[in-house]
Amino acid sequence: MSFTYQAGTPFAGDGLKDVTTTIKDGSYTAIIGHTGSGKSTLLQHLNALLKPTAGTVTIGDRVITNETNNKNLKPIRREVGMVFQFAENQLFEQTVAKDIAFGPTNFGVPAEEAEKQAAAMVALVGLPPEVLEQSPFDLSGGQMRRVAIAGVLAMKPSVLVLDEPTAGLDPAGRAEMMTMFNRLHQEQGLTIVLVTHQMDDVADYADHVLVMDQGRLVKEGTPREIFQDADWLADHQLGLPKTAAMARRLTAQGFRFDPLPLTTAQLADQLLPQIGGPAHD
Amino acid sequence: MTKLLLGRYLPGDSWVHKLDPRTKLMASFYYIGIIFLANNWQTYLLMFMATMVMVAASKIKLGFFLRGVRPMIWLILFTVMLQVFFTKGGATYWSWGWLAITQYGLTNGAFIFMRFVLIIFVSTLLTLTTQPLSLADAVESLLKPLRVLHVPVTELALVLQIALRFVPTLMDQTTKIMNAQRARGVDFGSGNLFQQMKAVVPLLIPLFVDSFGIAEDLATAMDARGYQGGDGRTKYRVLQYHRKDIVAGMIMAGLTIALIFLKA
Amino acid sequence: MTAAIEIENLNYRYPDAKRPALHDVSLTIAQGEWVAIIGHNGSGKSTLAKNINGLLAPESGRVTVAGMPLNEANVWKIREKVGIVFQNPDNQFVGATVQDDVAFGLENRAVPRPEMLTRVHDALVQVNMLEFATREPARLSGGQKQRVAIAGIIAQRPDIIILDEATSMLDPAGRSEVLALIEQLQARSAMTVVSITHDVDEAASADRVVLLNDGEIVEQGTPAALFTHGEELLSLGLDVPYPERLKAALRRRGAKMPDGYLDQEGLVKYLWTLHSTM
């Protein structure tokens, strides 16, 4: 499956200009760019919440253009699950189970079956089964967000689009959340599209990166290719992941790294022989 | 919603824009009042000319005013029809059973039509040239005497001001929640009435929850910044009458006198 | 040095809560000091902030701010001395425009209008937002809104400014914008700063870091002293500064690393000496 995206949307401010790219089935793609660079607009095209003013978006074998009828969009919405920023704001049902079942029932799954599935979804996002019968509004913020994510996963999408999924969480919550998405990616084979400001997450998890600026796709490539050029990133108001930043400082001092390390482990592995290896005493 | 509350203000620096909002508010009400004094061709012509002069003074295109008439057009036509068919007197041009079109009916219909259009033009002029916030200030200032009767005017004005300030925030939130629920398979604005009402629940509940959250945060922030109720506060924004406002008052007085002379 | 804030044996419990949100917290913050209070979500950080200016009333214990004991009679005087910047940039913006919002606190304190005009102007200059004075909040970025909130506090000329996770909802640009501003203000006016955060980089700019867990102070000290307890911070749901993470990774690979805290530059230098003596 692939997404092809070619749009020239001239709406003010947040618009997109002539974006062409393909998101491969089974990939973990990160979209980065400063606030207002068009990331969110691009995201909303991925499940046809917005339709391109010009050009086409191909999702699976469905082609969406400006003329596409609104009635035919439902299968796409099911295929591409969307987790919005502060997703906990979308909860509304009396119980967690019902809220998780809401999406599937909209796509025609019988209510009983959908609520039965909710138990599996709750486990998938790492919540205890007791929460099923609780009101979502009695849970903590982090738990509420997990319920919202379970509600999206319940539609059994093959692509999961995440818009700043860790915003407002503390470091432990953030790490748990990112590990969970990675597990879904590895175990369930979900294609993941992640929009984030956290360059460390991009370095740790993504295999493909799209860089947006002023509504244009200005660069794409592997994280290593993207983070190679720190000055270019700074020009687009983007930073480096912490490991790459440290490697840069070390390189300036005289150390040599090849390829550019992206994780702490990679950096430590490359550093060790350069500082005399393990101590022998 | 935005169109109704905020989208209407057109920034500008015309003579009308610069009038004190209290003047504009009072003058609009007064003007709408004296429109009812008009009762013949001369007086309606006078009011029509006066309205056009005001519109011209605002430097806003006539189209914006006509757009104000559009949503009311059916109500206007209905009222005009009632007048045309049910007013008796003068020559009869057409009749069918108890329905008749008479000379008086047609004139009255025309007058009513005129009255509607003028009232809409004047209220549109007020909202197009005055920021909602300034209007709130004007209301507060004009209602101040009611404080004697223990009406909490300053509190009400603050409530109004905060409500206006949060309209865009809530609009934004509405769009976000709608998108989230559409992504979960909700179709807003399709299906029968029952289905449409059902689709609104997943939008309204999160919106309520969110509004309560905002209200709580806001109350805490206001508390922390020393808000202790309406009295004993000073005001940063103050309204001041200028020479223009006196001129506007004179114009209204002049119009009234002319109306009284010309009316039947 | 006089104490700006003195907290003695403070206990607080939310209505209907089983566990206390704060348990026997004692803390003294000196005038002009910058203290970071860190802890994971739900550790009681924000509850502590709200107890300092009487937004919440303690179950037991004493709070003294600028020499005044916190009680019914003093609470408004104390709020004049303590400004809080809250987490959500939108939900604390009361005024319809930037200048109206900055003036809000002054209106509440019945500051005469001529003085109000100069104070609002000066505060906006200090946070570099003067050109936005008549803007509506909907047309500002998160970082700009937080700067307006800070201006509203500066205008009241408080002794203490509390940042209650003020940067947690901002993007990286907004975050550094706000942090730089606070650093500037503190250097200029020797204001006492209490920043409540789970961002280690924010904590690193403080003079002292207080670590809170489950409503109790677990540890406190200079950032350098605290950051050497890397494993403990991680187990309490917090991050560690990057150099500590790299040191731990190298140590696991058998390299010898110093115990003391090193910032990035320090670590680079240390590694280079190892490289040179190879």
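The values are calculated or read from the model by the stated rules, or taken from the named source; none is laboratory data. Here the structure is a predicted model, which means the values were calculated and not measured. So basically every Cβ, Gly included, is an ideal-geometry build from the backbone, and we count neighbours across all protein chains shown.
Tell me, which residue of the range B:49-65 that is touching a residue at least 60 places away in the same chain (Cβ under 8 Å) and within 18 Å of the chain's Cα centre (by Cα) is farthest from B:Leu10 (Cα to Cα)?
B:Thr51
Where residues in the range C:48-101 are out of contact with any helix residue (DSSP H, G or I) (no Cβ under 9 Å at 6 or more places or on another chain) and buried (at least 23 other Cβ atoms within 10 Å of the Cβ), which of them is farthest from the other protein chains (Cβ to nearest Cβ)?
C:Leu48
Would a scan of the range B:141-158 turn up a residue that is more than 11 Å from every other protein chain (Cβ to nearest Cβ) and polar (S, T, N, Q)?
Yes, the conditions are met somewhere in the range B:141-158.
I need the full set of residues from the range B:37-96 which are in a helix (DSSP H, G or I) and of a type in the set (Lys, Arg), in order please.
The answer is B:Arg67, B:Arg70.
Identify, from the list B:Ile260, B:Ile162, B:Ile214, the residue that is among the β-branched types (Val, Ile, Thr) and within 14 Å of chain A (Cβ to nearest Cβ).
Within the list B:Ile260, B:Ile162, B:Ile214, the selection yields B:Ile214.
What number of residues in the range C:216-232 are in a helix (DSSP H, G or I) and either modelled with pLDDT of 85 or more or farther than 21 Å from C:Met257 by Cα (or both)?
Residues meeting the conditions: 5.
Per-residue answers, yes or no, for (1) in contact with a helix residue (DSSP H, G or I) (Cβ under 9 Å, 6 or more places away or on another chain); (2) surrounded by 21 or more Cβ atoms within 10 Å (Cβ to Cβ); (3) within 30 Å of C:Tyr14 (Cα to Cα); (4) away from chain A (no Cβ under 13 Å):
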{"site": "C:Ala180", "(1), (2), (3), (4)": "no, no, no, yes"}
{"site": "C:Val194", "(1), (2), (3), (4)": "yes, yes, yes, yes"}
{"site": "C:Asp199", "(1), (2), (3), (4)": "yes, no, yes, no"}
{"site": "C:Ala203", "(1), (2), (3), (4)": "yes, yes, yes, no"}
{"site": "C:Val209", "(1), (2), (3), (4)": "yes, yes, yes, yes"}
{"site": "C:Glu244", "(1), (2), (3), (4)": "yes, yes, no, no"}
{"site": "C:Lys247", "(1), (2), (3), (4)": "yes, yes, no, no"}
{"site": "C:Ala255", "(1), (2), (3), (4)": "yes, no, no, no"}
{"site": "C:Ser276", "(1), (2), (3), (4)": "no, no, no, no"}
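Is at least one residue of the range B:177-199 among the acidic types (Asp, Glu) and either modelled with pLDDT of 90 or more or part of a helix (DSSP H, G or I) (or both)?
Residues of the range B:177-199 among the acidic types (Asp, Glu): B:187.
If we keep only those that are either modelled with pLDDT of 90 or more or part of a helix (DSSP H, G or I) (or both) as well, we get none.
There is no residue in the range B:177-199 that is among the acidic types (Asp, Glu) and either modelled with pLDDT of 90 or more or part of a helix (DSSP H, G or I) (or both).
Step by step: first the residues of the range B:232-257, then only those that are within 14 Å of chain C (Cβ to nearest Cβ) and either among the small types (Gly, Ala, Ser) or out of contact with any Lys or Arg (no Cβ under 9 Å at 6 or more places or on another chain) (or both), then the one that is surrounded by the most Cβ atoms within 10 Å (Cβ to Cβ). Which residue is that?
Of the range B:232-257, the ones within 14 Å of chain C (Cβ to nearest Cβ) are B:232-240.
Adding the requirement that they be either among the small types (Gly, Ala, Ser) or out of contact with any Lys or Arg (no Cβ under 9 Å at 6 or more places or on another chain) (or both) leaves B:232, B:237, B:240.
Numbers: B:Gly232: 11, B:Arg237: 16, B:Gln240: 7.
Of everything passing the filter in the range B:232-257, B:Arg237 is surrounded by the most Cβ atoms within 10 Å (Cβ to Cβ).
Under 9 Å between Cβ atoms, at least 6 apart or on separate chains: pull out the pairs that start in the range C:119-145 with a residue that is within 15 Å of C:Gln184 (Cβ to Cβ) and away from every other protein chain (no Cβ under 11 Å) and end on any residue that is of a type in the set (D, E, K, R) and crowded, with 16+ Cβ neighbours inside 10 Å.
C:Val127/C:Arg147; C:Asn128/C:Arg147; C:Met129/C:Arg147
Specify which of the listed residues (C:Arg188, C:Arg119, C:Arg147, C:Arg157) is among the basic types (Lys, Arg) and closer than 22 Å to C:Glu6 by Cα.
Just one listed residue meets the conditions, C:Arg157.
Need the failing condition index for A:Leu139 against (1) more than 14 Å from chain B (Cβ to nearest Cβ); (2) buried (at least 18 other Cβ atoms within 10 Å of the Cβ), just the number.
All conditions are met except number (1).
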